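Data block below; observations after.
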Amino acid sequence: MKPIVRIITTGVIVLAALGMIAYKYLDYVKYPWTRDGLVRALVVEIVPRLSGPLVRVPIQNNQLVKKGDLLFEIDPSTFQANVDLARAQFDNMRDIVKSLVEQVEGLKRTVEQRQSEINEAKFGVEGSAAQMENARIALGRAKELIAEKCDTYLMHGDPPERVGEKIADLRERRARHNLPPMKFGVAGYAIVRETEREAQDELRRITDVQQSAAGYANYQQWLAGTQLEQRVSLEDYSVSNRGLRSGLVGTAEQVAERVAQFESVGVDLLLLQFSPQLEEMERFSSGHTARFFVGDVELILFSTNIF
């Protein structure tokens with residue numbers, strides 16, 4: 001046999017032997033077996049962080065896997081619904097926060113506006129206090145001038161106790177000037193009836209503002225500009241000189257008692273008002289002249305207008 005043939009034959013046999021050995025090794029690695037050996041298997045449980053139904057398993061049993069390979073796929077619809085719900089809740093909370101912020105900003109503007117109004121009110125109060133102080137000083141000067149220069153002082157209608165305070169003040173001022181006593185008079189609107197109820201009915205009639213809307217408007221205009229010591233009510237304005245405050249309304253006995261109260265505090269003169277003049281003067285004087293005395297108090301009767 002030629003040498004080249006022997007070499008080729010030997011190479012083929014060697015290659016065939018090596019191929020058989022490699023095949024058996026690979027077959028053993030893939031499908032290991034033994035007749036008398038022991039096999040240990042390490043089982044690692046793989047659990048997903050989230051639970052849910054599987055929709056796809058891309059691997060097969062005993063398949064070799066490596067890091068990053070997809071083992072299974074969980075149905076995402078449930079999680080997507082949760083994400084959508086969370087997003088909706090987030091959007092809702094964002095709208096609520098936005099609304100609250102707008103409300104806070106609105107409240108801030110309201111507080112600033114109210115603070116401005118408070119400041120303006122404070123300025124107004126301070127201005128009014130200054131005006132009141134100026135008026136008080138001017139009133140004191142006027143009273144001092146009256147006490148020094150006048151012999152008689154006529155007052156608007158007021159209850160006897162209030163009139164008494166004014167008389168005491170002027171008498172004290174008068175005494176400081178070493179002058180003789182003054183005389184004091186008070187205006188009063190008189191309503192005399194057989195019964196107190198009849199007198200009160202007449203009082204309600206003359207103070208009914210519904211009978212003269214124009215008169216009521218005049219009252220409002222006058223009230224805004226008055227600088228008197230006291231606020232004047234609508235009833236006081238119904239007759240001139242605040243005559244109703246004197247309280248000369250009732251039966252003859254009640255009015256006489258009231259006149260006596262004025263006398264006790266120092267009143268020398270009562271200027272009585274009536275409307276309609278003739279009828280009411282007749283009721284009051286019962287036939288006496290229009291100028292007469294009750295005790296030491298001189299009464300002068302005159303008419304007044306009611307709006």
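The values are calculated or read from the model by the stated rules, or taken from the named source; none is laboratory data. Note that the coordinates shown come from a computational prediction; the quantities given were computed from them, not determined experimentally. With ideal geometry, Cβ positions are generated from the backbone for all residues, glycine too; neighbour counts draw on all protein chains shown.
Take L26 and decide whether it is assigned to a helix (DSSP H, G or I) and at pLDDT below 85. Give the derivation first.
Values: assigned to a helix (DSSP H, G or I): yes; at pLDDT below 85: yes.
It is true that L26 is assigned to a helix (DSSP H, G or I) and at pLDDT below 85.
Looking at (1) modelled with pLDDT under 90; (2) surrounded by 10 or more Cβ atoms within 10 Å (Cβ to Cβ); (3) over 30 Å from E172 (Cβ atoms), which one does L139 not meet, given that it meets all the others?
The failed condition is (3).
Within region 120-154, count every residue that is over 27 Å from G185 (Cα atoms), over 24 Å from the mean Cα position of the chain (by Cα) and of a type in the set (K, R).
0
Residues that are surrounded by 14 or more Cβ atoms within 10 Å (Cβ to Cβ), aromatic (F, W, Y) and modelled with pLDDT under 90: list the helices (runs of 4 or more DSSP H) wholly contained in region 165-274 that include at least 1 such residues. So that I can check it myself, show each step before the final result.
Values: elements: 196-206, 213-225, 234-238, 252-264.
It comes to 213-225, 234-238.
Checking the structure you have, find out if any residue of region 53-66 is assigned to a loop (DSSP other than H, G, I, E, B), modelled with pLDDT under 75 and surrounded by fewer than 10 Cβ atoms within 10 Å (Cβ to Cβ).
Initially, region 53-66 is screened for residues assigned to a loop (DSSP other than H, G, I, E, B), giving 53, 57-66.
Among the residues that remain, those that are also modelled with pLDDT under 75 are: none.
No, every residue in region 53-66 fails to be assigned to a loop (DSSP other than H, G, I, E, B), modelled with pLDDT under 75 and surrounded by fewer than 10 Cβ atoms within 10 Å (Cβ to Cβ).
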